[in-house]
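Let me begin by presenting the structure, written as structure tokens, before commenting on it.
The values are calculated or read from the model by the stated rules, or taken from the named source; none is laboratory data. Just so we're clear, the structure is a prediction, and the values are computed from it rather than from any experiment. Glycine also receives a Cβ, built like all others from the backbone with ideal geometry; neighbour counts cover every protein chain displayed. Surface areas here come from the heavy atoms of the whole protein model, side chains and all, with no ligands, DNA or RNA. Shrake-Rupley method; radii C 1.70, N 1.55, O 1.52, S 1.80 Å.
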Amino acid sequence: MKTSLRICILSLMLALTLPGSARLHNIVINELMAANVSYMLDDTYNYGGWVELYNNSPKAINLAGYSLSDDASLPRKYILPANTGTLQPNAYKIIFFDNNELNASHVNFKLDCDGATLYLYDEKGVSVDHVEYSYAFPEVSYARKGDASEVWGTCITPTPGATNDDSEFSVKRAGKPRVNTPAGLYADNIMVELSSDGGTIKYTTDGSIPDNRSAVWDGRMYIGRTTVLRARTFKKGCIPSEIFTATYIIDKNREITLPVISITTNPENLWSDSIGIYCVGTNGITGNGVSYPANWNCDWRRPANVEIINNPRDGYFSQQCDIAIGGGYSRSYPEKSIELNAEKKYEGRNSFDVRLFAQKPYYRFKSLNLRNSGNDFYSSMCRDAFQQSIYAGTVDIDYQAYQPAIHFINGEYYGIINIRERSNQHHVYSNWGYEKEEIDLVHNSASGGVALGDKVALNRLLELIDAGVTDRSYKEICTLLDVDEYINYIVAQSFSGNSDWMSNNVKFYRKRDGGGYRWVLFDLDHGFSSLSYNQFTATDRSGLSNVRVPTGRIYQGLIEYAPFREKFLAHATAVIGGTMREERVQTIMDNISAQITDETPYHTKRWGTGYDLAWQCRQYVNFAKERKEIYAKQLAESFSLGDPSNIVIAPGAKTALYIDGVEVPTGVFDGYVNK
């Protein structure tokens, strides 16, 4: 009797400790894919992780109220909504992860590609199943070896929504193809050879990922024109290898001096009417200045590979990533901005570790923007970058670094593109090392739209502002607001005369454990345009009088407080006098134009833009020169100051120069001082 009891208890303990414990429960986790690169689109037309639930019972079960979690201490982390439906006997239900902001029926956390434990609870919060999975290879699943089986394995033939009974499993992976001729720029024809340690190499030249249906590599390939080569090793009983991607740019007529960005992806990801992100298509939405629906307006990501060739700071770079169309109104332009997003699902590489920018030494980016210069696309391709470069490294302000490049998509020349830092949480990470969980990030709107974190600190800041700033409250304001950086930001925007600002193109953030809000300078495409535009007196949505948005509300409240007003005027005088010196501005402009001048004829021919780069650059330099006096007069008018006088001060190289306690950037002053 005692022996039988021990056997019964032991059997129960084994059942409880087996992954999923399918023997005890009706609804089980049957299969999951954490690294869904391009295997299955979800209902938002994106590729997110997914889990398959299976009803291992003879009765239908309503899944509403069940919950999923990756943390045993938070069993109700995501509760399946009422529309999840009823699961019939021996039936399957796919639950998508990621993209919860696009569809609330998607789980609000990601399946960790490094491995984790996923828990399933019933509507009463009782644990009904769990599975512990390890590192997720791209495009393979972790599944039961047979529906509701107690044995799990890495499945190289995923079957979402279908039985696992005939699936193929493996823990071995084929070796990545090796190449004898590296990707790069070539002035003549080349011969490329690939090899592997066993298995069959299959390849494509149209940008698509090689699969079992692709052509078999026969050892070598003669390349006489620009070609994108992708290859992969397939071996029976093994997970397919990593993908080899290389762009061979053959140009016998000219020398390319700029860095080259090559994006490689399945052509359907760009041009398919239903899922293509670069076309109008038939599955899009309206917005961003167009009344017709367009695919490029959708919040879609597609798998791709990015290569950086001819990079003077870090040599050759290649990595798989997600791409998405970026920007606003400029999405309708023929050359589009492309966001590059590093993700763990691509062989575990969730950052771009590459040195790109002369202005900043940082080398780790979670996301980058290949920018078409926004509203400046038809003018010079450098208006925003030029303005931000004036402040780079000399003024305490969050700005976006810049590197002009040319880019190819699937081997086709697409002209000049600007490599830029992002202006969101990824900017904060690259510049300060803060993870998104560590910051509050706000996008400007009437109430301040929260992108990350919360508005507790912002609400307190606005409360203090609205109550009228006093000596006492100003001390607390200075803990919630990086005052010097905020002033520099306002000065930069108001000097620029940016008419697409204040109620638009505004982002600011703070470190949650006590940091002050800092503003990010971006999208100055409407700046350096109107010499007479006066942001101090303007009553439109871009004027500093716009108190409907937090940035303007903060300014209007602080400017009434005399110590802040004096500080603001000192910054405005010092920053503009130090940075906008004619010879300095000319040098910055010459440096930018020297990089892109030779490429501009090819770019304008590609897109038919036909602008005069030299003339446009002269306009920007002249704006900076003439705007200084106009800006000083605007300050005088707005703050009842005396007439401005032009002063030039050039002290010794080791002598710091200050205007009312504010250090002059660059150490040389050539500007206007109000009496």
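Some observations on this one:
- Failed item in (1) at positive phi; (2) open to solvent by 40 Å² or more (accessible area, probe 1.4 Å), with residue 633 passing the rest: (1)
- Scan of segment 495-507 for residues that are open to solvent by less than 10 Å² (accessible area, probe 1.4 Å) and not hydrophobic (A, V, I, L, M, F, W, C), ordered by number: 496, 497, 498
- Unmet criterion (only one of (1) among the hydroxyl-bearing types (Ser, Thr, Tyr); (2) open to solvent by 40 Å² or more (accessible area, probe 1.4 Å); (3) within 23 Å of residue 559 (Cα to Cα)) for residue 602: (3)
- Matching residues in segment 196-210 - criterion: being surrounded by 14 or more Cβ atoms within 10 Å (Cβ to Cβ) and over 18 Å from residue 303 (Cα atoms): 196, 199, 200, 201, 202
- Test: residue in segment 222-231 that is in contact (Cβ under 8 Å) with a residue 40 or more places away in the chain, among the charged types (D, E, K, R), closer than 30 Å to residue 169 by Cα and open to solvent by less than 10 Å² (accessible area, probe 1.4 Å): yes
- Yes/no for residue 597 being touching a residue at least 12 places away in the same chain (Cβ under 8 Å), open to solvent by 10 Å² or more (accessible area, probe 1.4 Å), of a type outside the set (Asp, Glu) and closer than 28 Å to residue 422 by Cβ: yes
- Among the residues of segment 113-159, the one identified as free of Cβ contacts under 8 Å to residues at least 40 places away in the same chain and outside any loop (DSSP other than H, G, I, E, B) is 153.
- Set side by side, the residues 510, 548, 553 differ, and just one is among the charged types (D, E, K, R), in contact (Cβ under 8 Å) with a residue 12 or more places away in the chain and either open to solvent by less than 40 Å² (accessible area, probe 1.4 Å) or closer than 29 Å to residue 372 by Cβ (or both), which is 510.
- Residue count for segment 594-627, restricted to those that are closer than 23 Å to residue 253 by Cβ, assigned to a helix (DSSP H, G or I) and not aliphatic (A, V, I, L, M): 9
- In segment 272-285, the residues that are free of Cβ contacts under 8 Å to residues at least 60 places away in the same chain and in a loop (DSSP other than H, G, I, E, B) reach residues that are among the aromatic types (Phe, Trp, Tyr) and surrounded by fewer than 16 Cβ atoms within 10 Å (Cβ to Cβ) with C-beta atoms within less than 6 angstrom, at least six apart or across chains, in these pairs: 279/271.
- Segment 291-316, residues that are part of a strand (DSSP E or B) and open to solvent by 20 Å² or more (accessible area, probe 1.4 Å): 291, 292, 293
- Restricting the first member to segment 570-583 and to residues that are more than 11 Å from residue 661 (Cα to Cα), and the second to residues that are of a type in the set (Asp, Glu), the beta-carbon pairs closer than 7 Å and six or more apart or on different chains are 577/670; 581/670.
- Matching residues in segment 359-406 - criterion: being over 22 Å from residue 613 (Cα atoms), touching a Lys or Arg at 6+ places or on another chain (Cβ under 8 Å), buried (at least 21 other Cβ atoms within 10 Å of the Cβ) and of a type in the set (Ser, Thr, Tyr): 367
- Lone qualifier among 558, 569, 531 - being within 25 Å of residue 377 (Cβ to Cβ) and of a type in the set (A, V, I, L, M): 531
- The residues of segment 475-494 that are over 13 Å from residue 521 (Cα atoms) and surrounded by 23 or more Cβ atoms within 10 Å (Cβ to Cβ) amount to a single one, 481.
To keep it simple, each residue is scored yes or no on (1) within 30 Å of residue 450 (Cβ to Cβ); (2) in a strand (DSSP E or B).
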position	(1), (2)
93	no, yes
96	yes, yes
111	yes, no
182	no, no
191	no, yes
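- Only one entry in 178, 213, 173 is of a type in the set (Lys, Arg) and either at pLDDT below 95 or surrounded by 16 or more Cβ atoms within 10 Å (Cβ to Cβ) (or both), namely 173.
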